[in-house]
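Data block below; observations after.
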Amino acid sequence: DYVVVKMIPDNRLPPRHLHSVHTGKTFAVIKWESPYDSPDQDMLYAVAVKDLVRKTDKIYKVKTQNSTVEYTIKKLEPGGKYHVIVQLGNMSKESSMKINTVPLSAPDALKIITENDHILLFWKSLALKESNFNESRGYEIHMFDSLMNITAYLGNTTENFFKVSNLKIGHNYSFTVQARCLYSGQMCGEPATLLYDELGTGEDSSASKTGRSTDVAAVVVPVLFLLLVTLGIGFVVLYMRHRRLQNSFTAFANSHYSSRLGSAIFSSGDDLGDEDDEAPVITGFSDDVPMVIA
């Protein structure tokens with residue numbers, strides 16, 4: 001034997017299992033279940049969205065007979081904080097949750113260009129990839145000095161570059177660029193970070209190449225100049241010594257040249273002796289040499 005019992009629905013119960021399915025920059029998909037299984041009629045839900053940053057409220061109505069309800073909350077702000085409350089339209093018990101929307105992306109291609117007494121930060125416009133970003137909002141720049149363990153707010157700009165001066169030698173800096181924070185710093189974009197070590201040796205590859213190329217040029221150019229000067233002086237010295245040796249040899253050869261024989265006469269070490277021995281020995285006269293008698 002059995003008996004069928006049908007329970008009377010209690011419309012004072014809250015929606016069940018309220019949770020977030022997906023959260024984007026400007027929307028959030030939430031999901032919940034009806035207060036009881038298999039509703040036999042349409043149920044009216046009130047979805048209240050409280051903006052915790054702007055301190056504003058919005059209420060949406062959802063009417064459905066489904067046991068599982070999925071709803072998309074639109075027109076949210078990137079990086080916002082919201083409190084969502086879902087309850088039946090008769091103001092029954094409520095279910096609530098908090099959601100945070102995805103903040104704006106970090107600017108791309110953050111680079112450093114080193115000048116004489118300052119550096120320039122460059123980055124791509126965030127409006128190129130973020131349709132929800134307006135250039136009039138601008139960017140804000142922060143700097144962290146690891147040696148002093150101090151974070152400083154450098155300012156904001158609506159341009160895609162920023163000048164930084166008064167950097168100290170030997171200090172390591174980290175620069176961050178992000179979409180300007182709104183409402184007392186509660187809604188900010190994701191920061192792009194770049195390390196900058198000792199005025200020119202940053203962690204970022206582009207910054208490193210810029211700084212290192214400058215340093216290498218400053219070292220290589222003077223060294224090459226000195227090498228060229230040294231080689232030039234060496235060639236001049238070798239040329240002068242060569243000319244001096246050539247002139248000495250020519251003078252030596254001319255002093256020992258015999259016009260009669262048509263060649264130079266050099267004596268060996270065995271012929272060195274008394275002065276009389278150094279005189280040439282006359283053995284005779286040639287028929288073609290005329291004899292002159294004084």
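The values are calculated or read from the model by the stated rules, or taken from the named source; none is laboratory data. Bear in mind that the values here come from a model prediction, so they are computed numbers and not experimental data. Ideal geometry is used to build each Cβ from the backbone, glycine not excepted, and the neighbour counts take in all protein chains shown. Calculation scope for accessible area: heavy atoms of the full protein, side chains included, ligands and nucleic acids excluded. Shrake-Rupley method; radii C 1.70, N 1.55, O 1.52, S 1.80 Å.
Just a yes or no: is a residue in segment 192-199 among the aliphatic types (A, V, I, L, M), open to solvent by less than 20 Å² (accessible area, probe 1.4 Å), in contact (Cβ under 8 Å) with a residue 60 or more places away in the chain and touching a Gly at 6+ places or on another chain (Cβ under 6 Å)?
Within segment 192-199 (the criterion being among the aliphatic types (A, V, I, L, M), open to solvent by less than 20 Å² (accessible area, probe 1.4 Å), in contact (Cβ under 8 Å) with a residue 60 or more places away in the chain and touching a Gly at 6+ places or on another chain (Cβ under 6 Å)), the answer is no, since none of the residues qualifies.
If LEU120 meets every condition in (1) open to solvent by 30 Å² or more (accessible area, probe 1.4 Å); (2) in a loop (DSSP other than H, G, I, E, B); (3) in contact with a Phe, Trp or Tyr (Cβ under 6 Å, 6 or more places away or on another chain) apart from one, which number is that one?
For LEU120, the exception is condition (2).
Filter segment 40-79 down to the residues that are over 26 Å from ASN132 (Cβ atoms) and either open to solvent by less than 40 Å² (accessible area, probe 1.4 Å) or part of a strand (DSSP E or B) (or both) and list them by number.
Once the filter is applied, which keeps residues that are over 26 Å from ASN132 (Cβ atoms) and either open to solvent by less than 40 Å² (accessible area, probe 1.4 Å) or part of a strand (DSSP E or B) (or both), segment 40-79 yields MET43, LEU44, TYR45, ALA46, LYS61, LYS63, THR64, THR68, VAL69.
List every residue pair whose Cβ atoms lie under 6 Å apart, where the two residues are 6 or more positions apart in sequence or sit on different chains, the first residue falls within segment 145-174 and is in contact (Cβ under 8 Å) with a residue 24 or more places away in the chain and closer than 18 Å to ALA106 by Cβ, and the second residue, located anywhere, is of a type in the set (D, E, K, R) and in a loop (DSSP other than H, G, I, E, B).
From residues that are in contact (Cβ under 8 Å) with a residue 24 or more places away in the chain and closer than 18 Å to ALA106 by Cβ, the pairs are ASN156/ARG180.
Checking SER34 against (1) touching a residue at least 12 places away in the same chain (Cβ under 8 Å); (2) open to solvent by 20 Å² or more (accessible area, probe 1.4 Å), which single condition isn't satisfied?
Among (1) touching a residue at least 12 places away in the same chain (Cβ under 8 Å); (2) open to solvent by 20 Å² or more (accessible area, probe 1.4 Å), SER34 violates only (2).
Which condition does TYR82 not pass, out of (1) under 16 Å from GLN186 (Cα atoms); (2) assigned to a loop (DSSP other than H, G, I, E, B); (3) not small (Gly, Ala, Ser), if it passes all the others?
The failed condition is (2).
Could you say which residue among GLU130, GLU94 is over 19 Å from SER165 (Cα atoms) and buried (at least 16 other Cβ atoms within 10 Å of the Cβ)?
The match here is GLU130.
Identify the residue in segment 97-117 that is among the β-branched types (Val, Ile, Thr) and over 27 Å from LYS50 (Cα atoms) and, among all such residues, is least open to solvent (accessible area, probe 1.4 Å). If you could, list the steps in order and put the result at the bottom.
Narrowing segment 97-117 to residues among the β-branched types (Val, Ile, Thr): 99, 101-102, 112-114.
With the extra rule that they be over 27 Å from LYS50 (Cα atoms), the set shrinks to 112-114.
Values: ILE112: 4, ILE113: 69, THR114: 52 Å².
The selected residue is ILE112.
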